[in-house]
Structures are given as structure tokens and as C-alpha cells.
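The values are calculated or read from the model by the stated rules, or taken from the named source; none is laboratory data. Since this is a predicted model, take the numbers as computed values, not measurements. Neighbour counts run over all protein chains shown; Cβ positions are idealised from the backbone, glycine included. Areas reflect the complete protein model, heavy atoms only, side chains present, ligands, DNA and RNA absent. Shrake-Rupley method; radii C 1.70, N 1.55, O 1.52, S 1.80 Å.
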Amino acid sequence: MISHGKEVKVFSGNSNPALAESICNHLYKPLGKADIKRFADGECSVSILEPVRGADVFIVQSTCKPVNDNLMELLVMIDAMHRASAGRITAVIPYFGYARQDRKAKSRDPISAKLVANIIEAAGADRVLTMDLHANQIQGFFDIPVDNMRGAPLFADYYLQKFGKGNPDVMVTMVVSPDVGSVSRARAFAQKLNMPLAIVDKRRQKANSSEVMNIIGNVEGKTVILLDDMVDTAGSLCGAAKALIEVGGAKEIYACATHGVLSRPALERIEESPIKELKLCDTIPYPVGEPRLEKINYVSVDRLFAEAIRRIYEEVSISPLFE
């Protein structure tokens, strides 16, 4: 029984329309009609082409590259819905840009993630639905409800099918965190797979650059699954994979990450790395115009987000989806 009786409508920006369409297919709903264009000077122009008065509106828009354009597009769409008297507006942001700027790392640094949270609220969003925020405390930057979905259960299902529960290969397989900051995420993932955990200890000299210092745990002769929340330039991931082979003596490397940002020179590094397969979620589309790498495969988050939207609309708990 739906308590509020509003109609649910899902709209999409230009960042990842294929994912939005797939989410709508699972909801058995057509994608909302909207015209999103650019003026000659680059300004965003949004026209909503169907009534949304009183509706429960969900706007699917990852703030991926071009980050500022996609973020502004989201804000303008929220404002358009708000001014059209939408009943409730949920910003569905599969990939939340600026999430890495969540604290003052040095003097006079901005906290851009907090600024973006303030802007989304000011635009008129009533709720945010996202996945694997780079830092969990970003949920507290908002004064509206934030549901932070997890990509790890999707990967856990994949690797359990790949290696098989009870398969002898599982006994020589372990999960590795590529840095200390991802340990809690990797530990929960290892527990789901019932595998041991190792950690790559590294020192980051500057943004998008790091040096591997040590490997905590014995990976010799093991099949390794590297887990991270995102792959940007792939320097950290590929450096960790190389160290696990050359220093730790690992047998083979698999890797997975929720968000495939894949900025240059990520594809070249992944192709040249010892990583056998990189599994990503489709929160961000594959870079346009780049050759497709056989190493990179995707698992879709469409069913997960569709179910989350359904539960939010029906006013029931979404906590079972976190597992």
C-alpha cells in the first residue's frame, strides 16, 4: 500500500542516460520527457515536457566528467522540478563528484564536498540517493536524507559465482585493500566472501600519484582481489597490482571498483598492468571515443537503484539493500 498515493516519475540528465533508461525498465515506467540543451555560450537550458505537479520525482544524474557541466545540469533540473510543484525531489547521483574533497588536507583548502551538498539542498532537493561515497561522513554534510548504496554486494555475488563457494581455489584467494583508507570497505567485502584480508601500505606524494611502501599480509602464491571505491588515473590500483606480483609474489590479480572514472592515462596503465580483469559498476559510462579494453567489464547497478527508488516511493525501508 503506497501511503502518499503520488505518481513516481524518473528523469535523466545527459551524464548517463543508458543507466536511467535501464532503471526505468526495471520499474516498468517510461523515462520522463525533458529537453536538456546548451546555449551558444555553454549555459544549461532545461525544459520539462510533462506535468510533475505532486509527483515523486527522481532525477538520475552522475556528476562525472565533465563534472561541472553535469553538476550544473542536475541543479537546474532540480530547480525546474521545484518550480513545477513536484511533490518530492530525489537527486539520484550514482557517482558523487567532489567527494574526494571532504576535509581540509592542508591550510586554506576548501571542503568542496560540503559546498556541493549545500548547493544541491539550496536547489530544492528533498533527498539524495547515491552509491559508495568516497568518505562516509559526506552523508552528514547534508541536512536532508542521504541513502548511500553499496557496490560491494554486487561484486561479492560475481566473485562467488566465479570462484565458487567451497571451491578449493577460494582457499588460496584473498581480498586486498589498495590503501589504508579502504581497509574498512575491504574488510567487509572479505567477510562476505569468507576470505582473508591484506593491505597495501602506500604514501601519496601528490594528487593522482602514490608510492607503494609495504604489503601487510602474505599474498605469496595467492589469487588476489583488489577492491577500491573508484579508479581515476589508475595509478594507485596498478601500482598496488605491480607490487603484489613483484614484492608479494601473488599468482594473479583481479580488481573491482564501484566508479570507473578512467581519466587519462588510466586505460594505458590498466592495459599494461598485471591485472587480469577489472570489474566496474556502470555508475559512470565508459569514456567516449576510447578503445574498449577486454580487461574491463561492467556489472550494472540498474536493479539496485530501481529497487531503492521503489522502496523510497512506497515509504518502506531500504536497509536490506545494503546487504
Return the residues of the stretch 256-270 that are touching a residue at least 40 places away in the same chain (Cβ under 8 Å) and either touching a helix residue (DSSP H, G or I) at 6+ places or on another chain (Cβ under 6 Å) or open to solvent by 50 Å² or more (accessible area, probe 1.4 Å) (or both); say none if nothing qualifies. Cys256
If I filter the stretch 226-263 down to residues being under 17 Å from the mean Cα position of the chain (by Cα) and on the phi > 0 side of the Ramachandran plot, which single residue comes out as modelled with the lowest pLDDT? Ala234
Among the residues of the stretch 229-257, write down those that are touching a strand residue (DSSP E or B) at 6+ places or on another chain (Cβ under 6 Å) and closer than 14 Å to Glu277 by Cα. Val231, Leu237, Ala241, Lys251, Glu252, Ile253, Tyr254, Ala255, Cys256, Ala257
Name every residue in the stretch 236-255 that is closer than 17 Å to Glu268 by Cβ, assigned to a helix (DSSP H, G or I) and either in contact with a helix residue (DSSP H, G or I) (Cβ under 7 Å, 6 or more places away or on another chain) or β-branched (Val, Ile, Thr) (or both), in order of residue number. Cys238
Answer with yes or no whether Ala240 is in contact with a Pro (Cβ under 7 Å, 6 or more places away or on another chain), over 19 Å from Leu154 (Cβ atoms) and crowded, with 24+ Cβ neighbours inside 10 Å. yes
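Looking only at the stretch 192-208, which residues are assigned to a helix (DSSP H, G or I) and at pLDDT 90 or above?
none
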Residues that are at pLDDT below 95 and closer than 20 Å to Val261 by Cβ: does the stretch 70-89 have at least one? no
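Which ones in the stretch 209-225 are at pLDDT 90 or above and open to solvent by 20 Å² or more (accessible area, probe 1.4 Å)?
Those that are at pLDDT 90 or above and open to solvent by 20 Å² or more (accessible area, probe 1.4 Å): Ile215, Ile216, Gly217, Asn218, Glu220, Gly221, Lys222.
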Sort out which residues of the stretch 148-164 are touching a helix residue (DSSP H, G or I) at 6+ places or on another chain (Cβ under 8 Å) and either part of a strand (DSSP E or B) or within 28 Å of Gln137 (Cβ to Cβ) (or both), and write them in order of number. Asn148, Met149, Arg150, Ala152, Pro153, Leu154, Phe155, Ala156
Residues (open to solvent by 30 Å² or more (accessible area, probe 1.4 Å), out of contact with any strand residue (DSSP E or B) (no Cβ under 6 Å at 6 or more places or on another chain) and farther than 18 Å from Asn70 by Cβ) located in the stretch 122-143: Asn136, Gln137, Gly140, Phe141, Asp143
Among what's in the stretch 271-323 and is under 15 Å from Thr90 (Cβ atoms), outside any helix (DSSP H, G or I) and charged (D, E, K, R), pick the residue that is least open to solvent (accessible area, probe 1.4 Å). Glu314
(1) open to solvent by less than 70 Å² (accessible area, probe 1.4 Å); (2) charged (D, E, K, R); (3) free of Cβ contacts under 8 Å to residues at least 24 places away in the same chain all hold for Asp56 apart from (3)
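Rundown of residues vs (1) more than 27 Å from Gly151 (Cα to Cα); (2) touching a residue at least 60 places away in the same chain (Cβ under 8 Å); (3) in a loop (DSSP other than H, G, I, E, B), yes/no style:
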site: Ile89; (1), (2), (3): no, no, no
site: Arg108; (1), (2), (3): yes, no, yes
site: Leu115; (1), (2), (3): no, no, no
site: Ile119; (1), (2), (3): no, no, no
site: His134; (1), (2), (3): no, yes, yes
site: Gln137; (1), (2), (3): no, no, no
